[in-house]
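Notes follow the structure.
Please treat every number below as a calculation from the coordinates, not as lab data. What you see is a predicted model, and the numbers here were worked out from it, not measured in a lab. Glycine gets a Cβ as well: all are built from the backbone with ideal geometry, and neighbour counts include every protein chain shown.
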Amino acid sequence: MDCPVCKYPNPQGATHCGMCYEVFNRSAAQAYMHAVKRERRLEEGAPPEPEAVIKSGRMLEEAKSAIAKVDWSGLAEKAVSLFKRSKRVLFLGAGGVALWMLVGFLFSASLWYHLFGNKFVYAFSDKAPAAYLVGMKQHIKFWSERQGRLDTPMEEFKIDEIGKVLLQKEKAAAKNRRTVWVTTKEWIQILNDAAGTASHAIPKNHPSLAGARLVFDRKGALLERHYILSPRLAKSLSFLSPKFPKGSSRRGQTWDEAVEWLDVYNDWKIHWSGALHWTLGELEACGENTCAKLTYTADLRPQLRGWPSWAQGAVHRAEATVSTEGAALFDAAHKRLVSNTFSYEGLLHIPIADLGRIPWELRIGRGVKGQPGEIVIRFENKIDIRKN
């Protein structure tokens, strides 16, 4: 409501004016007495009540008066004098800041990486081995098909494996070559199938954990990998030690690397071979350091290396449709791989001359004898390498 005296807008329900303190909503008796007092003051010649003063206006006037008293010309002269006396110090400070920013820019890893690239080579300590954690995941599902239709579902399982791998530099190295031995410290498998979940340690003398050897030139470039095909340590070798181009590599550079490994799905053995297609990306933080990120895909071809006894003589080849994705981080300053993750999934088609070979314990429904078909394997695989 607006004050009847100073017209100040007050909130609804206010008992008095927030500006001039005029009392609102007087009772009839109070209004009558107030009117009587006003008439009496007028009859006696008493001075009228002072008009309400708007506080904001008064404050504005006080502020203008205070500003008018400031000696602006004197302040300006003092500021100019101070600047002249401190000009050298100010210029030196500004120059120091600019120089610090310029040096930081010129010596930034990102600038040198974009201009000149990096050399991706390896270095290993003579005192202690480099330790890496290797994780492997498999999700496998089997079924058979006849004339493009489901014949029978067969089996399904998941396997998680984790191992610790050591890369130890050979002390008595050749003049132009460096040898690094790759061994397993421990390896654990967790199997999840129709019978439930079970875990056990793989003995270090198991054939799948047979040691391997890496050969580098004196500058740390990978030359050779020596191994016996296996689904564990030898499989991880290509991802523990990617092969890089010689010399400096720049962002956006691409190259191919030939690879191979062995997968085992129960009694089925698949030899994968092909090429990784690498692309060098940007720098990014990896812990307290800076790493180059590399991405890659793969072209993979399967070759049947082993099969169950019931399929002997009835299967000879395998075909696959595969999708792949990989990413790695490499610390060029410390010359080491930090991480590498690769996943590949798809379908394997294995033609079989007689579906009646499938044993009853793997079949649901009636058997079909003498009819050709396919064994289909759905696979979802992943390998994950981490510097320990």
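Some observations on this one:
- Against the chain, whose longest principal axis comes from its Cα atoms, helix 72-106 is set at around 0 degrees.
- Estimated FRET transfer efficiency when R0 is 35 angstrom, pair THR295-ILE364 (beta carbons, to 0.05): 0.25
- Here HIS334, HIS206 are placed in order of increasing Cβ neighbour count within 10 Å, fewest first, which gives HIS334, HIS206.
- Label-point gap, in nm, between SER73 and LYS246 - each point 7 angstrom along Cα→Cβ: 8.1 nm
- Multiplying the residue separation of ASP256 and LYS219 by 0.36 nm and removing their Cα-Cα distance gives an extension gain of 11.2 nm.
- Pairs from LYS127/LYS293; LYS185/LYS293; LYS164/LYS335; LYS204/LYS335; LYS169/LYS204; LYS127/LYS219 whose Cα-Cα separation, in the structure shown, is over 22 Å: LYS127/LYS293; LYS185/LYS293; LYS204/LYS335
- Shape of the range 246-341, Cα gyration tensor, a/c cut at 1.5: prolate
- Overall form of the chain per C-alpha gyration tensor (a/c, 1.5; a/b vs b/c): oblate
- Sum of -39500 (n - 2.57) over DSSP H runs of 4+, divided by residues of the chain (222 nm, nearest 500): -7000 deg cm²/dmol
- Full extension of the chain between LYS84 and LYS171 gives 24.5 nm of extra length, using 0.36 nm per residue less the Cα-Cα distance.
- FRET efficiency for the GLU156 to LYS204 pair, using the beta carbon distance and R₀ = 30 Å, is estimated at 0.50.
- The chain: angle of helix 55-69 to the longest principal axis, Cα-based, in degrees nearest 10: 90 degrees
- Of the peptides 240-246, 224-230, the order by per-residue mean of other Cβ atoms within 10 Å, starting with the highest, comes out as 240-246, 224-230.
- Karplus (6.51, -1.76, 1.60) ³J(HN,Hα), θ = phi - 60°, over the range 236-250, in Hz, Gly and Pro reported as x: 6, 4, 5, 8, 6, 9, x, 9, 10, x, 6, x, 7, 10, 10
- Helix 28-43 vs. the chain, principal-axis angle (Cα, 0 to 90°, nearest 10): 40 degrees
- Linear extension gain, LYS64 paired with ASP126, 0.36 nm per residue minus alpha-carbon span: 14.3 nm
- Taking other residues whose beta carbon is less than 13 angstrom from the beta carbon of HIS271, and scoring Lys, Arg as +1 and Asp, Glu as -1, yields +3.
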